[in-house]
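**Q** The structure is given below, and queries will be raised subsequently.
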Amino acid sequence: MYNVLKKIIKTGFLTEKPPEANADWLIQSRLQESILKAFGHSLAIRHVDAGSCNGCELEIQALTNPFYNIEGLGIRFVASPRHADLLLVTGPVSCHMVVALKRTYEAMPHPKLVVATGDCACTGGIFGKTYATCGAVNQIIPVDVAVPGCPPTPYALLQGILTAIHKDKKTNKNAQPND
């Protein structure tokens with residue numbers, strides 16, 4: 001035991017330097033501040049797969065892992081559109097999903113934020129407008145922010161959510177529905 005203590009005193013403490021600030025961490029802190037300023041509570045997201053290949057869903061699921069930890073940022077996914085602040089739509093809208101997408105949008109409280117995720121949701125992607133699909137999400141419901149990519153990265157998704165929150169805060173934070 002004496003030899004171990006002597007070695008500790010002679011060598012000193014060996015620790016790693018703290019990590020440098022990462023630009024990605026700044027995006028996450030800005031997002032958390034924006035959510036609290038805009039809503040006063042955590043952001044609730046309702047995700048709707050309107051007919052995608054599930055590539056975008058894998059990236060959305062990656063947001064919930066310990067590396068991205070969106071729960072820690074104050075973002076959570078909800079099962080009911082009545083509890084949602086933001087609608088996250090993936091895939092080109094298939095003809096069978098038109099009614100469900102409209103009903104989900106109509107069930108959301110105001111202000112309604114919609115983010116189209118992935119090339120298919122933004123433009124129709126490789127599917128376009130066919131007998132089975134109606135094309136991009138903005139053909140069916142109004143879209144606030146489009147996040148392109150096939151699939152978009154988790155950081156692009158976070159940036160799109162941040163953009164939607166800022167856009168809503170600038171335009172119609174307390175707007176009431178006319179319909």
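**Q** Specify the residue with the greatest mean-square fluctuation among Thr11, Thr104, Thr163, computed from a Gaussian network of the chain linking alpha-carbon atoms under 10 Å apart.
**A** Answer for the Gaussian network model of the chain: Thr11.
**Q** So what's the back-of-envelope 222 nm ellipticity for the chain, counting only DSSP H runs of four-plus at -39500 (n - 2.57) apiece and dividing by all residues, rounded to 500?
**A** -11500 deg cm²/dmol
**Q** Related question: How are the Cα pair distances of region 44-165 distributed, in percent, across 10 Å bins from 0?
**A** The percentages, shortest bin first, are 15, 50, 31, 4, 0.
**Q** At a Förster radius of 45 Å, what calculated FRET efficiency corresponds to the Cβ-Cβ distance of Cys95 and Glu20, to the nearest 0.05?
**A** 0.35
**Q** May I ask which of Lys17/Lys167; Lys17/Lys37; Lys37/Lys102 have a Cα-Cα span longer than 32 Å here?
**A** Distance filter (> 32 Å) returns Lys17/Lys167; Lys17/Lys37.
**Q** How do 83-91, 61-69, 43-51, 148-156 rank on mean C-beta neighbours within 10 Å, highest first?
**A** By packing density, highest mean first, the sequence is 83-91, 43-51, 148-156, 61-69.
**Q** Then there is this: Please compute the length gained on full extension between Leu5 and Thr163, using 0.36 nm multiplied by the number of residues separating them and subtracting their Cα-Cα distance.
**A** 51.3 nm
**Q** Scan the chain and report its longest stretch carrying no GluC sites (Glu not before Pro) that are both in a DSSP loop and have at most 12 other Cβ atoms within 10 Å.
**A** In short, 21-179.
**Q** Sticking with this structure for a sec: Please report the equivalent ellipsoid semi-axes of region 32-98, computed as sqrt(5 x eigenvalue) of the Cα gyration tensor, largest first, in whole Å. Please report the intermediate quantities before stating the final value.
**A** On the way: eigenvalues 110, 49, 13 Å².
Each semi-axis is the square root of five times an eigenvalue, giving 23, 16, 8 Å.
Only the coordinates and a few stated rules stand behind these numbers; no lab work does. Just so you know, these numbers come straight off a predicted model, no measurement behind them. As a convention, Cβ positions derive from the backbone with ideal geometry for all residues, glycine included, and neighbour counts pool all protein chains shown.
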